[in-house]
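The values are calculated or read from the model by the stated rules, or taken from the named source; none is laboratory data. As the structure is a prediction and not an experimental result, all values here were calculated from the model. Every residue, glycine as well, gets a Cβ built from its backbone with ideal geometry; the counts of neighbours run over all protein chains shown.
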Amino acid sequence: MHRLKSILHLRNKIVIKIGTNLLADKVKGINLDRINEIARSVARLNAMGNNIAIVSSGAIGAGVAALRLKERPKTIPEKQATAAIGQPLLMEAYEDAFRKQDCTIAQVLLTKDDFANRARYLNAKNTFPVLFEQGVVPIINENDTVAVEEIKLGDNDNLSALVANLIEADLLIILSDIDGLFSDDPTKNNKAQLIPVVEKISSQIEKLAKSSKTELSTGGMITKIQAAKRCVSAGIAMIIANGKNPNILEEIFSGTFKGTLFLPAENKLNMRKKWIGFVSSAKGYVCIDEGAKLALLTKQKSLLPSGIVEVHGEFKANETISILDLNNKVIAKGVTGYSSTDLVKIKGKKTSEIEKILNRKSHDEVIHRDNLVLIGEPSC
């Protein structure tokens with residue numbers, strides 16, 4: 001994996017996401033041996049000058065064992081209660097494991113609102129450098145007890161990608177109970193081959209991401225590909241590897257690991273565009289015609305009202321919206337200069353008509369190129 005070596009530096013910011021199946025069993029509870037393995041590896045990486053943040057699943061899984069439940073709870077209140085019981089047990093296990101390595105940890109519980117709200121996003125962002133300066137390892141999880149939407153999504157893969165963007169990481173490592181992305185489902189096709197490197201997340205790669213949920217976990221390859229898209233577009237490399245291998249982190253840094261490496265895009269987005277494209281929540285969306293799509297994807301143009309066919313949702317000026325093509329595929333996100341009420345009036349119109357229709361004109365563009373981020377493949 002010589003390409004990974006070219007990505008990593010002497011001092012790296014790395015997010016490690018650890019899946020539920022590695023950490024919790026509904027009968028035995030938290031896998032203390034694995035947490036101790038992780039602590040030893042992370043302590044070694046820290047000693048080399050790296051800054052490591054861990055996104056840890058397992059709170060609900062730990063709660064399932066503690067309550068001796070026969071299966072994962074299904075209702076939101078039950079999930080919230082189970083997470084509230086399991087989270088301190090999980091943190092106790094991490095605290096004990098890292099104390100043995102003479103490392104201090106911090107608990108950071110986040111919700112989607114902490115990312116979507118720009119002020120809260122910046123507050124969270126400013127916390128991590130202070131922790132890293134003190135040699136502290138942040139242990140991050142969703143605040144499942146209060147975050148109803150997050151429990152519905154149940155997805156720490158995408159949370160880890162959001163954290164990687166938040167701290168401007170060099171690498172996201174997703175440790176799961178699988179070796180990586182395969183050419184087919186390896187449990188059904190013994191000829192399926194591991195894909196070692198993904199240079200671009202094409203529609204074919206997305207098709208390979210078939211969901212393979214297990215009883216305790218709530219993700220699958222689909223959410224891992226979603227996380228990869230968030231990372232690579234922001235210039236962050238991502239790896240999927242099997243966390244059951246006790247030496248996997250050392251093998252990754254030596255370049256000898258078995259897994260899938262997603263290469264980062266060459267044109268790295270700035271922090272504002274990262275937030276627009278992969279963190280902020282879209283308040284509505286517009287559908288655009290083929291001409292506007294071509295202008296956005298291949299000519300790096302701004303979005304003008306003449307290319308808008310439909311307007312959906314209620315949103316204000318300066319809020320984030322999604323841009324869909326005629327096939328209802330999201331191709332971009334951006335900060336709109338006009339409200340949904342105004343866009344309904346000027347959609348399909350030339351810029352020269354805006355002032356007459358609205359009795360004012362602040363600017364020609366609905367979304368200026370500087371406030372627009374492409375999502376997916378940059379081609380029609």
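Among the residues in segment 215-227, are any surrounded by fewer than 14 Cβ atoms within 10 Å (Cβ to Cβ), farther than 27 Å from Phe128 by Cβ, at pLDDT below 90 and assigned by TED's automatic domain parsing to the domain that holds Val55?
Scanning segment 215-227 turns up at least one residue that is surrounded by fewer than 14 Cβ atoms within 10 Å (Cβ to Cβ), farther than 27 Å from Phe128 by Cβ, at pLDDT below 90 and assigned by TED's automatic domain parsing to the domain that holds Val55.
Might you check whether a residue that is surrounded by 23 or more Cβ atoms within 10 Å (Cβ to Cβ) and among the β-branched types (Val, Ile, Thr) occurs anywhere in segment 96-113?
No, segment 96-113 contains no residue that is surrounded by 23 or more Cβ atoms within 10 Å (Cβ to Cβ) and among the β-branched types (Val, Ile, Thr).
Of all the residues that make up segment 296-308, how many are at pLDDT 95 or above, over 12 Å from His368 (Cα atoms) and hydrophobic (A, V, I, L, M, F, W, C)?
Number satisfying all stated conditions: 1.
Just to be sure I understand, how many residues within segment 332-374 are surrounded by fewer than 16 Cβ atoms within 10 Å (Cβ to Cβ) and aromatic (Phe, Trp, Tyr)?
Result for segment 332-374: 0.
Of Leu261, Leu269, which residue is in a loop (DSSP other than H, G, I, E, B), more than 30 Å from Val344 (Cα to Cα) and under 16 Å from the mean Cα position of the chain (by Cα)?
Matching residue, one of Leu261, Leu269: Leu269.
Sort out which residues of segment 50-107 are of a type in the set (Gly, Ala, Ser), modelled with pLDDT of 95 or more and farther than 16 Å from Leu32 by Cβ, and write them in order of number.
Those that are of a type in the set (Gly, Ala, Ser), modelled with pLDDT of 95 or more and farther than 16 Å from Leu32 by Cβ: Ala53, Ala106.
Find the helices (runs of 4 or more DSSP H) located wholly in segment 2-93 whose residues include 3 or more that are in contact with an Asp or Glu (Cβ under 8 Å, 6 or more places away or on another chain) and touching a residue at least 40 places away in the same chain (Cβ under 8 Å), and list them.
The helices (runs of 4 or more DSSP H) meeting that bar are 32-47, 59-66.
Could you run through segment 12-44 and say how many residues are basic (Lys, Arg), modelled with pLDDT under 80 and surrounded by fewer than 18 Cβ atoms within 10 Å (Cβ to Cβ)?
1
Among the residues of segment 87-94, is there at least one that is over 25 Å from the mean Cα position of the chain (by Cα), surrounded by fewer than 22 Cβ atoms within 10 Å (Cβ to Cβ), over 18 Å from Ser160 (Cα atoms) and assigned by TED's automatic domain parsing to the domain that holds Ile240?
Yes; the residues of segment 87-94 include at least one that is over 25 Å from the mean Cα position of the chain (by Cα), surrounded by fewer than 22 Cβ atoms within 10 Å (Cβ to Cβ), over 18 Å from Ser160 (Cα atoms) and assigned by TED's automatic domain parsing to the domain that holds Ile240.
Of all residues in segment 347-378, how many are closer than 30 Å to Arg230 by Cβ and not basic (Lys, Arg)?
Here the count works out to 14.
Looking at segment 276-292 only, could you name the residues that are farther than 13 Å from Ser322 by Cα and surrounded by 20 or more Cβ atoms within 10 Å (Cβ to Cβ)?
Selection gives Ala292 alone.
So, in segment 45-58, how many residues would count as being at positive phi and surrounded by fewer than 22 Cβ atoms within 10 Å (Cβ to Cβ)?
Residues flagged as at positive phi and surrounded by fewer than 22 Cβ atoms within 10 Å (Cβ to Cβ) within segment 45-58 amount to 1.
Quick one: in segment 180-199, which of the residues that are surrounded by 20 or more Cβ atoms within 10 Å (Cβ to Cβ) and not small (Gly, Ala, Ser) is nearest to Ile222 (Cα to Cα)?
Leu181
Collect the residues in segment 97-106 that are in contact (Cβ under 8 Å) with a residue 60 or more places away in the chain and either under 16 Å from Ala24 (Cβ atoms) or of a type in the set (Phe, Trp, Tyr) (or both), keeping them in residue-number order.
Ala97
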